[in-house]
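Values in this text are rule-based calculations from the coordinates and carry no lab data. Computed from a predicted model, the values in this text were never measured in an experiment. Note that we place each Cβ from the backbone using ideal geometry, even for glycine, and neighbour counts take in every protein chain shown.
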Amino acid sequence: MNIAVYPGSFDPITYGHLDIIARASEIFDRVIVAVSINPGKNPLFSLEERAEMISRECANLKKVTVECFRGLLIEFVREKKASTIIRGLRAISDFEYEFQMALMNKKLYPEAETVFLVASPEFSYLSSSIVKEIASFGGDVSGLVSRHVAVKLQEKYRG
Ligand code: PNS
């Protein structure tokens, strides 16, 4: 069985992430969306809140499961017996960070390959950070995230 892990902070999940998940689930036998901590980011939602939003959005994708992890990505990948790490690539600006992470993960655990899926053009400008910025000023995020996620964002910023 070909198991892929799609790791990220997903703070919150956007239509760009969902596009990558749906496409990955066409390629692999099983896709584990792995919600984790990026030490360089200060999250708005807890890991559990993020996982709940993703599970809801992926309920119709039978090959997809959602989990949280707190340690090193490669330890999680090893534990799950996954062969592949999926990452989405939007613009050239993503590349340097993604390149470094892919090479480091390969050094730490050579058994797993990182596979990049290029973002669909309609989502190439989209990021969780820009969605949060728009929502924080009361802007309209429909078309970028689901209705449920938009409501969760509203609750956070209103609260
Ligand atoms: O969506 P993001 O914020 O770009 O995802 C980054 C993430 C969470 C995948 C990365 O920070 C990560 O792998 N964190 C777990 C800790 C780890 O393994 N760090 C070393 C990466 S080489």
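Remarks
- Annotation: extensible slack from Phe99 through Ile130 equals 8.9 nm (criterion: 0.36 nm per residue apart, minus Cα-Cα distance).
- In a fully extended conformation the segment linking Arg147 and Leu108 would gain 10.1 nm over its present Cα-Cα distance, using 0.36 nm per residue.
- The 3J(HN,Hα) values that the Karplus relation (6.51, -1.76, 1.60; θ = phi - 60°) gives for region 108-114 are, in residue order, 6, 8, x, 5, 9, 9, 8 Hz. Gly and Pro appear as x.
- Cross-link reach list, lysines versus Lys107, counting only Cα pairs under 26 Å and skipping chain neighbours closer than eight places: Lys41, Lys80, Lys81
- Residues whose placed amide H lies under 5 Å from that of Ile85, excluding near-sequence neighbours: Val5, Glu113, Thr114, Val115
- 3J(HN,Hα) from dihedral phi, region 17-31, Karplus parametrisation 6.51/-1.76/1.60, rounded to Hz, x for glycine, proline: 4, 5, 5, 5, 4, 4, 5, 5, 6, 7, 9, 9, 5, 8, 10
- Entry note, region 1-144: relative contact order of 29 percent, from Cα contacts under 8 Å with a spacing of 6+ residues.
- Candidate aspartates and glutamates for bridging to Lys62, where Cα separation is under 18 Å - those fewer than 8 sequence places away on the same chain excluded: Asp19, Glu26, Asp29, Glu52
- Averaging Cα coordinates gives a centre for region 42-94 and one for region 1-41; these two points are 4 Å apart.
- Coupling constants for region 84-89 follow from the phi torsions by the Karplus curve (6.51 cos²θ - 1.76 cosθ + 1.60, θ = phi - 60°), and in residue order they are 9, 10, 9, 9, x, 10 Hz; glycine and proline get x.
- Each of Pro12, Phe45, Phe69 was placed along the dipole of the chain (beta-carbon charges, centred on the mean Cα), and the one lying farthest toward the positive end is Phe69.
- Within the chain: Cβ-based charge dipole about Cα centre, in debye rounded to nearest 20 (Lys, Arg +1; Asp, Glu -1): 240 debye
- Full-extension gain in nm, Lys81 to Arg56, via 0.36 nm per residue minus C-alpha separation: 6.5 nm
- Only helices enter this figure: runs of n ≥ 4 DSSP H residues, each worth -39500 (n - 2.57), summed and divided by the residues of the chain, yield -13500 deg cm²/dmol at 222 nm to the nearest 500.
- Where N is the number of residues in the chain, Cα Rg divided by 2.2 N^0.38 Å: 1.01
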